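The values are calculated or read from the model by the stated rules, or taken from the named source; none is laboratory data. Computed from a prediction, not measured in an experiment: that's the story for all the values here. Calculation scope for accessible area: heavy atoms of the full protein, side chains included, ligands and nucleic acids excluded. Shrake-Rupley method; radii C 1.70, N 1.55, O 1.52, S 1.80 Å.
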Amino acid sequence: MKSSKLFLALLLISPLVFAVGEKTFDWTPPTEYEDGSALSQAEIASYDIECDAGFLVNVPNAPLNTDTYQAPPGTFAVGDHSCVAYTVTTSGVRSAPSDPTNFTVAPGVPRAPVFVLQ
């Protein structure tokens with residue numbers, strides 16, 4: 001079992017403003033531990049995403065090389081949010097948090113009514 005900490009190269013990317021409370025998280029899976037030894041994709045069990053100091057989701061690394069998660073509409077309330085991610089190995093080692101990604105959910109824009117002529 002590796003005892004060294006993971007080198008976390010997780011990067012959460014997205015535009016800054018969302019209109020409906022959904023969010024796409026993208027990252028680059030790490031390839032090594034902090035000591036420089038190789039980390040294979042098969043050693044990565046999952047990724048934990050935490051937002052606003054609370055757990056959001058555990059994203060399994062299946063199929064291997066999973067690198068995105070789409071939070072469904074309504075996940076985030078209107079306002080500012082901050083999220084970090086962690087890599088979790090098959091042996092249970094959890095990395096340090098990624099750099100935070102910050103974003104704002106704006107109030108929804110009303111849709112125009114649909115006029116049906118009969």
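Sorting Phe103, Phe55 by solvent-accessible area of protein heavy atoms yields Phe55, Phe103, largest first, with a 1.4 Å probe. Within the assembled protein chains, the solvent-accessible surface assigned to Leu64 is about 100 Å², based on a 1.4 Å probe.
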